[in-house]
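The values are calculated or read from the model by the stated rules, or taken from the named source; none is laboratory data. Keep in mind it's a predicted model, so treat the numbers as computed, not measured. Here the Cβ positions follow ideal geometry from the backbone for every residue, glycine too, while neighbour counts run over all protein chains shown. Quick note on the areas: whole protein, heavy atoms, side chains included, nothing else; ligands and nucleic acids left out. Shrake-Rupley method; radii C 1.70, N 1.55, O 1.52, S 1.80 Å.
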Amino acid sequence: MDILLANPRGFCAGVKRAILIVENALKIYKKTIYVKHELVHNKYVINKLRQKGVIFVEKISDIPNKSIVVFSAHGVSKKTKEKAIKKQLIILNATCPLVMKVHKEVSKASQKNIETIFIGHKGHPEVIGTIGQYNNKNGKIHLVESIEDINQLSIKQDTKLNFFTQTTLSIKNTQSIIQFLKKKFPNISGPKKEDICYATTNRQNAIIKLSKMTDMILVIGSKNSSNSNRLSELSKETGVFTKQIESFLDIQEEWIKNIKHIGITAGASAPEFLVKQVIVHLQKMGAKKSKEIIGTEEKTVFNIPKHLIFPSH
Ligand code: 0JX
Ligand code: SF4
């Protein structure tokens, strides 16, 4: 059995930045660091930070006044930020700059009274945070997940309307939703394509390539990771036998019995050591050396705030 590795895979620039913010904050402040929500959706990343003393909370009210709070990579609503300010928390914002960009657009739309349609998955923290940038009591923001949801909307044709999207959606599905949206509301404005980020795009393109060279694909990523779930979905759509795993521990021998070419990819929040462990495990089961496929080179780097650079002067 050959092992082929997707390229690119694993950590994106937003995840690397978020982890560095927390790690440096631990060294600089030498105090308990609270993180609102899982910093990124990966069990191993979270457990490692927990071992270093980081406390993860879902509610700002669970954090003692004047403590240090980090907002997760997925971002928070305006209300959540206000609550943190009220509690006099020191805020370190690990929201990905690409999510922040969408926040700013939604906030602008809210200020300008422009009714907004947001394409995203209900209940996802990024969606809650982004929708929570729209704080206009006169205007409206509508969340849609599908073409059916658009059909349920009752918006007058002459309404000034725009749209934005979650950053980790399926490119293919989102394109067809937007196409339908533009047909239904020809005057709608929005981003040139959508707000899906470079990392999501590159990982989805890489898995399509990988699916043409393999008869099974393992997607490493936690169950609550939207971008990882989209990779599994896409891989299944190509017809390749696909399994999403947290780590090598989930691999079942019967999956790989008759597999000749196995592909491995990892979501944007899954660390590379998990990929390495899967390779070692497969090799113990008889697989050959692993080979990385040719793919898009990623050069994006997001800086952390200056006061969090360690050692700080
Ligand atoms: O569930 P998501 O894919 O949005 O988040 P995850 O898995 O933590 O990936 C990194 C953060 C992505 C934010 O856009
Ligand atoms: Fe940012 Fe994209 Fe990574 Fe999300 S997946 S943290 S939007 S780079």
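Can you report the principal axis dimensions of the chain using only the alpha carbons, biggest first, rounded to whole angstrom?
Here the spans come out as 63, 54, 31 Å, largest first.
Decide, for the stretch 186-313, between rounded, prolate and oblate: order the square roots of the alpha carbon gyration tensor eigenvalues as a ≥ b ≥ c, take rounded if a/c falls under 1.5, and otherwise choose prolate if a/b is larger than b/c, else oblate.
Working: a/c = 2.26, a/b = 1.35, b/c = 1.67.
Oblate shape, in that a/c is at least 1.5 and b/c is the bigger or equal ratio.
Step through the residues of the stretch 159-169 one at a time and calculate ³J(HN,Hα) from phi using the Karplus curve (6.51 cos²θ - 1.76 cosθ + 1.60, θ = phi - 60°), rounding each to whole Hz and writing x for Gly and Pro.
Values per residue, Gly and Pro as x: 5, 6, 9, 9, 9, 9, 9, 5, 7, 10, 7 Hz.
Could you pull out every one of the aspartates and glutamates with an alpha carbon less than 17 Å from that of LYS112, ignoring same-chain neighbours closer than 8 positions?
Filter leaves ASP158.
Cα convex hull of the stretch 142-243: how many Å³ per residue?
In the stretch 142-243, the Cα convex hull volume per residue is 107 Å³.
Averaged over every viewing direction, what's the projected area of the C-alpha convex hull for the stretch 80-211? Give it in nm², one decimal, please.
Numbers: hull surface 37.8 nm².
The Cα convex hull of the stretch 80-211, projected and averaged over all directions, gives 9.5 nm².
Ignoring ligands, DNA and RNA, what percent of the accessible area of the chain is carbon or sulfur (1.4 Å)?
Here carbon and sulfur together make up 52 percent of the probe-accessible area.
Using modelled backbone amide H atoms (1.01 Å from N, in-plane), which distant-in-sequence or interchain residues come within less than 5 Å of SER67's amide H?
Hits under the 5 Å cutoff: ILE90.
What are the ³J(HN,Hα) couplings of the stretch 253-270, residue after residue, when phi is run through the Karplus curve with 6.51, -1.76, 1.60 and θ = phi - 60°? Round to Hz, x for glycine and proline.
Per-residue couplings from phi come out as 4, 5, 4, 9, 3, 10, 7, 9, 10, 9, x, 10, 9, 9, x, 5, 10, 9 Hz.
Take the Cβ-Cβ distance between ILE309 and LYS78 as r, set R0 to 22 Å, and report the resulting FRET efficiency rounded to the nearest 0.05.
0.20
Long-range amide H contacts for GLN244: which residues qualify at under 5 Å (H placed 1.01 Å from N, peptide plane, sequence gap of 5 or more or a different chain)?
For GLN244, the qualifying residues are VAL219.
Using per-residue counts of other Cβ atoms within 10 Å, averaged over each peptide, order 268-274, 205-211 from highest down. Display every interim value, and only then the final one.
Details: 268-274: 22.3, 205-211: 20.6.
Averaged packing, sorted descending, gives the order 268-274, 205-211.
With charges set only on the Cβ (+1 for Lys and Arg, -1 for Asp and Glu), what does the dipole of the chain come to about its Cα centre, in debye to the nearest 20?
It comes to approximately 980 debye.
Filter LYS16/LYS122; LYS192/LYS212; LYS236/LYS257; LYS59/LYS86; LYS101/LYS306 down to the pairs with a C-alpha to C-alpha distance above 22 Å, please.
LYS16/LYS122; LYS192/LYS212
If we count every other residue with Cβ under 11 angstrom of SER77's Cβ, Lys/Arg +1 and Asp/Glu -1, where does the sum land?
Local net charge: +3.
Full-extension gain between SER146 and LYS184, please, as 0.36 nm times their residue separation minus the C-alpha to C-alpha distance.
Between SER146 and LYS184, full extension yields an extra 12.3 nm.
Test of understanding: what is the full-extension gain from GLU272 to THR300, defined as 0.36 nm times their sequence separation minus their Cα-Cα distance?
This chain segment gains 8.3 nm when fully extended.
With a 10 Å radius around each residue's Cβ, average the other Cβ atoms per peptide and rank 13-24, 155-166, 89-100, highest first.
Descending mean neighbour count gives 13-24, 89-100, 155-166.
Show me 101-114, 69-82, 297-310 ranked by packing, highest mean number of other Cβ atoms within 10 Å first.
Working: 101-114: 17.2, 69-82: 21.8, 297-310: 12.3.
The packing order, highest mean first, is 69-82, 101-114, 297-310.
State, to one decimal in nm², a quarter of the convex hull surface area for the C-alpha atoms of the stretch 78-124, i.e. the direction-averaged projected area.
4.4 nm²
If amide H atoms are built 1.01 Å from N in the plane of the peptide, which residues on other chains or at least 5 residues away come under 5 Å of the amide H of ALA287?
Distant-sequence amide H within range of ALA287: zero hits.
Report, in deg cm²/dmol and to the nearest 500, the calculated mean residue ellipticity at 222 nm for the chain, where each DSSP H run with n ≥ 4 adds -39500 (n - 2.57) and the sum is divided by the residue count. If you can, show how the numbers build up before the last one.
Details: 10 runs with 116 residues, N = 313.
The helix contribution divided over the chain gives -11500 deg cm²/dmol.
So with the 1.4 Å probe, I'd like the accessible area per residue for the stretch 1-112, rounded to whole Å².
Accessible area per residue: 46 Å².
Can you grab the distance from the C-alpha centre of the stretch 85-105 to the C-alpha centre of the stretch 208-245, Å, no decimals?
Here the answer is 31 Å between Cα centres.
Per-residue HN-Hα couplings for the stretch 72-83, Karplus 6.51 cos²θ - 1.76 cosθ + 1.60 at θ = phi - 60°, whole Hz, x for Gly and Pro?
In residue order, the calculated couplings are 5, 4, 7, x, 10, 6, 4, 4, 4, 4, 4, 4 Hz.
Taking the Cβ of ALA287 as the center, what net charge do the other residues with Cβ under 15 Å away carry, scoring Lys and Arg +1 and Asp and Glu -1?
So the environment of ALA287 carries a net charge of +3.
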